[in-house]
Structure formats: C-alpha cells, structure tokens
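The values are calculated or read from the model by the stated rules, or taken from the named source; none is laboratory data. In this text the structure is predicted, and so the values were computed from the model without any measurement. Neighbour counts run over all protein chains shown; Cβ positions are idealised from the backbone, glycine included.
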Amino acid sequence: MSEPILRIAGVSKTYDGGTTALHTVDLAIARGEIFALLGPNGAGKTTLISIVCGIVTPSSGTITVDGHDAIRDYKAARRRIGLVPQELNVDMFETVLATVTFSRRLFGRSGHSAYIEQVLRDLSLWDKRDAKIMTLSGGMKRRVLIAKALAHEPEILFLDEPTAGVDVALRRDMWKLVHGLRARGTTIILTTHYIEEAEEMADRVGVIAGGKLLLVDEKRALMTKLGKRALELRLEVPMTAVPEGLGDWDLALADDGRRLRYTFDARGEHTGIPSLLRRMGELGIGFDDLETSRSSLEDIFVDLVEERVR
C-alpha cells in the first residue's frame, strides 16, 4: 500500500463512567479505495467514525488525514472529510440549495454553483433545489445529507449506514454516485447492514464487534481464507436423520430430509467428497442431483461475530 490517506493508530475510547466503546484500533486506508466496516449495532462503528471526524475525542491514539494530525491540525484534516450521518441534522425550514451551499462555504469554499448543481443533479435533487427540506420525503432528505457531505469536495467520504431504511431508487443512485466518486479518486468508508452491498462494492472489509476490530482484509482474500463451500445432494429417498455410518462428515439434512448438505473447507487439501460419495454408495443411499455453493460475506461475518461472542 502507498502512503495511506487515513491512518488510525492505537485509537481507543473509554467514557467517564468506565464503559469502553472502542478498544485499541489500528487501521490504514489507501487513497481511492472503498472500505466497508461491518458490525452489529453497538459494535463501535459509529464511535470510530465520530472520532475520525472530530465529533468524539479519543482516549488514546493518533489519527492522520492526508498527512494532517486530526487533533493538532483539526481544521485541515476535517476539510478533507465528508460525513453522511445516520440521523438527519438539517434545518427543516431552509431550502435544499441554501443548505448545500452553506455547507460548502462552512469549509472555506467559495459558492461554486456549477459544482453544487452537478452534485444535486447526480442525486436527483436539482428539481427540488428551491423546496424547503421539511416538504421532502424521507428518501429525498437522505439525498440532501449526501449532498451536504459532498458540498466542499472532500477527499474522504464517510457513509454511516447510508441506505438503512431508504428506497431502492436512492440505493441505486447512491451506489452509482459512489462508483463515480471513486473513479475521481475519492476514498469511501462505509458502514452498512446491507452486507451484499459491501460484498459487491468494497475493496477491503473490516469486521468489528464489542469495540474490537476483529479482522481487516481484502474482500476476495477474506472469502478465500475464511469462506467455506457446501455440497448439497438431492436424495432419492428422504431421511429422518443422518445415518451413523456418515458420522465422519459434517452433514445436515434440509428440505424435510430430501436434501443432504455437506459443509467443507474449500482450502483443504482433501475435501472428503470422494470418500463421502463412496460411503453413501456402500450404504445404498442414492441421490439424483448435486450442487455446490460458496459462503457469502454475510456467512463469514456471522461466523466471526459468533466466534467473538463465544
């Protein structure tokens, strides 16, 4: 990795009451990458984002944004960051155009009408530019938050659960916009419960639970290292239980006993499939169809979090 645009080193957060929301986190984000941070509610995702954006003060550690210390040189660091929060934080009586223009000028940018117009058009907001925010639908209000975050042309864009509870059209527009921003070199860091989006969009994935960053890896490498595969056999005669003679394999019945599912490590030198099929033949267990599947990123995420809880 070249010199990262964002470096988080030894960052933690413990509140006055003694609650530790974030244990020591070390993370480097490359310029222009899309990084997905996955974790259940209360995992520490928003706390980490809030610390990087200067909303929450860390208990320890350092944050460097494009070479600027986020605490000692806060203004320079913050100018390089755009944040789309989970909650609406806009003046409902202002118009869309005034709100977005104000956000741009707040960061020392001149009123660049051509740029703002393009952002509003990309988000299907241009026709609503003179409408008061209070008159907009929930989806349109979410679009305004995104426009505000992009108004000052940030190099890093944080999307904190950006598509939670929004319509399909906005989600489609959002990811189209994300592709365009990345093509122009913007670094995207997102948290999401829509794991399929992270699987489709992200270059790298971080899994966080209990305030601890459990794992960070390239998405493909993560799925290769931790992903399992499954062989599913459609049985000629349904079973009520897996026979004792097949106890050497990780088997489970599905579809009311009509399917036999074998889960195995895709990385293993020996998958066990030939010996399983041979043993089934010896036991007179017939099947008329088979198919294989690979673990999704969601399967991996659930396994990691469950392992952490145990």
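Residues are listed down the side, and each one gets a yes or a no for (1) assigned to a helix (DSSP H, G or I); (2) closer than 18 Å to THR186 by Cα; (3) modelled with pLDDT under 90:
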{"residue": "VAL100", "(1), (2), (3)": "yes, no, no"}
{"residue": "ARG109", "(1), (2), (3)": "no, yes, yes"}
{"residue": "MET140", "(1), (2), (3)": "yes, no, yes"}
{"residue": "LYS148", "(1), (2), (3)": "yes, yes, no"}
{"residue": "HIS152", "(1), (2), (3)": "no, yes, no"}
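I'd like to verify a number: residues in segment 32-50 that are closer than 13 Å to ILE208 by Cβ and touching a residue at least 40 places away in the same chain (Cβ under 8 Å), how many?
Narrowing segment 32-50 to residues closer than 13 Å to ILE208 by Cβ: 35-49.
If we keep only those that are touching a residue at least 40 places away in the same chain (Cβ under 8 Å) too, we end up with 35-40, 43-49.
Of the residues in that region, 13 qualify.
This table checks each residue for (1) touching a Lys or Arg at 6+ places or on another chain (Cβ under 9 Å); (2) surrounded by 15 or more Cβ atoms within 10 Å (Cβ to Cβ); (3) farther than 30 Å from ASP16 by Cβ.
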{"position": "LEU38", "(1), (2), (3)": "yes, yes, no"}
{"position": "ALA70", "(1), (2), (3)": "yes, yes, no"}
{"position": "LYS75", "(1), (2), (3)": "no, no, no"}
{"position": "THR95", "(1), (2), (3)": "yes, yes, yes"}
{"position": "ARG121", "(1), (2), (3)": "no, no, yes"}
{"position": "ILE146", "(1), (2), (3)": "no, yes, yes"}
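Among the residues that make up segment 81-93, is at least one of them surrounded by 15 or more Cβ atoms within 10 Å (Cβ to Cβ), at pLDDT below 95 and charged (D, E, K, R)? Checking segment 81-93: not a single residue is surrounded by 15 or more Cβ atoms within 10 Å (Cβ to Cβ), at pLDDT below 95 and charged (D, E, K, R). Among the residues of segment 236-244, are any hydroxyl-bearing (Ser, Thr, Tyr), surrounded by fewer than 18 Cβ atoms within 10 Å (Cβ to Cβ) and part of a helix (DSSP H, G or I)? No, segment 236-244 has no match at all. Filtering segment 46-59 to residues that are surrounded by fewer than 22 Cβ atoms within 10 Å (Cβ to Cβ), touching a strand residue (DSSP E or B) at 6+ places or on another chain (Cβ under 7 Å) and of a type outside the set (Val, Ile, Thr) leaves CYS53, SER59.
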